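The values are calculated or read from the model by the stated rules, or taken from the named source; none is laboratory data. Because the structure is a prediction, the values reported are computed rather than measured. Positions of Cβ are generated from backbone atoms using ideal geometry, with glycine treated the same way; all protein chains shown enter the neighbour counts.
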Amino acid sequence: MVNTRYVKAENFISKTAIVWVLVFLCIGMAVFSPMFISPGNLLLVVKQSTITGILGIGMTIVIITGGIDLSVGSLVAISSVCSAMFGGLAVQNLPIIVALLVGITAGAVFGVINGSVVSYLNFPPFIMTLATSMISRGIAKILCNAKPVLGISDSFKNLANGFFFGIPNLAVYFGAVFILGAVILNKTVLGSRFFAIGGNEAGARLSGVNTKRVKLTAYVFCGILAGFAGVLMTSRISSGSSITGEGYELNAIAAAVIGGTSMSGGVGTIWGTVVGALIIGVIQNGLDIMNVSAFYQSIIQGLIIIVAVLFDLNSKRKKN
């Protein structure tokens, strides 16, 4: 007879394993460098994880539908350049909301392009988003002549660098996007359709789901979050740049995969991706404190992704 307490304990450990990884990782970093657990540094970890986390949330929804978006890093760049042009001192009479909307719109437009071509023309997501990644970054370089857009207004700088009742604005935005993503994925019909398409697209179509429209929505949402991340990045570094966001698509994918999102679609959680983003932030921050070369950090991050995918494959084998 199966011990129900044992089964419940096993399920609890399995569901919260990623959280324990984060906890033990923090403890390990603190042992190697006590400076890691200082309040100021922990706050820095959250700030450093915000962009990856926001991009990862959008990426999670796309991957759950069975797709992928390799353009998010470049969308951060074009959003950064566009928002900086409307948030600088030269146009200081414009309200800050204009720069915010321009940046988000830049990401949304490419989200519509990605989603439309993938959904209605049946382009492979990998190829399509790789192409738009190159196109959007090229447009960003043309817009700013491959030079930083300087002269950001103080109100724009405060967007990411300010505080809300003592809490850093970046942490507030991260929390808000987390709640939004979790509600959409777990509490709406649209969220259930994301899972249905990723699990069995043909079955979802036969059950009456407009799979093309739902997949389009996933890419648009991902593009909007990439645009928002670009605005926040511009505000944080006080300039717009066409090289901003390089490699962030890999960080976003890593956060999603580490958090338990299956690359084959149909499985994933927003909270898992948030924890995955924090794990990446902890690793990067801890290795920076220990003066580990960025080259080795890339190797470590790649190995973590491999381990996460192997864990996912092993879990599927057990279920089957």
In this structure, is ILE280 crowded, with 16+ Cβ neighbours inside 10 Å and either within 18 Å of VAL177 (Cα to Cα) or among the β-branched types (Val, Ile, Thr) (or both)?
yes
Against the definition (assigned to a helix (DSSP H, G or I) and touching a Phe, Trp or Tyr at 6+ places or on another chain (Cβ under 7 Å)), how does VAL112 come out, yes or no?
no
Within the range 271-312, take every residue that is part of a loop (DSSP other than H, G, I, E, B) and without any contact (Cβ under 8 Å) to a residue 40 or more places away in the chain and give me the one that is farthest from ASN251 (Cα to Cα).
ASN291
Quick one: which of GLU246, GLU201 is among the acidic types (Asp, Glu), at pLDDT below 95 and over 14 Å from the mean Cα position of the chain (by Cα)?
GLU201
Restrict the check to the range 227-236 and report whether at least one residue is under 23 Å from THR132 (Cα atoms) and either of a type in the set (S, T, N, Q) or surrounded by fewer than 18 Cβ atoms within 10 Å (Cβ to Cβ) (or both).
yes
Could you identify the single residue in ILE237, ILE253, ILE224 that is more than 21 Å from ALA182 (Cα to Cα) and either under 14 Å from the mean Cα position of the chain (by Cα) or not charged (D, E, K, R) (or both)?
ILE237
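One line per residue, one yes/no per condition, for (1) over 29 Å from ILE243 (Cβ atoms); (2) in contact (Cβ under 8 Å) with a residue 40 or more places away in the chain; (3) surrounded by fewer than 24 Cβ atoms within 10 Å (Cβ to Cβ):
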{"site": "VAL23", "(1), (2), (3)": "yes, no, yes"}
{"site": "ILE27", "(1), (2), (3)": "yes, no, yes"}
{"site": "MET35", "(1), (2), (3)": "yes, yes, yes"}
{"site": "ASN41", "(1), (2), (3)": "no, yes, yes"}
{"site": "ILE54", "(1), (2), (3)": "no, yes, no"}
{"site": "ILE57", "(1), (2), (3)": "no, yes, no"}
{"site": "ILE64", "(1), (2), (3)": "yes, yes, no"}
{"site": "GLY73", "(1), (2), (3)": "no, yes, no"}
Residue under question is PHE123, and the condition is that it be farther than 21 Å from THR52 by Cβ, outside any helix (DSSP H, G or I) and hydrophobic (A, V, I, L, M, F, W, C); does it hold?
yes
Quickly run through the range 254-268 and pick out the residues that are surrounded by fewer than 24 Cβ atoms within 10 Å (Cβ to Cβ) and either within 28 Å of CYS144 (Cα to Cα) or of a type outside the set (A, V, I, L, M) (or both).
GLY260, SER262, SER264, GLY265, GLY266
Is there a residue being at pLDDT below 95 and of a type in the set (Lys, Arg) anywhere in the range 126-138?
no
Quick check, is LEU55 at pLDDT 95 or above and closer than 15 Å to THR261 by Cα?
yes
Give me a count of the residues in the range 23-35 that are part of a helix (DSSP H, G or I) and more than 26 Å from ILE270 (Cα to Cα).
5
I'd like to verify a number: residues in the range 143-183 that are in contact with a strand residue (DSSP E or B) (Cβ under 6 Å, 6 or more places away or on another chain) and in a helix (DSSP H, G or I), how many?
1
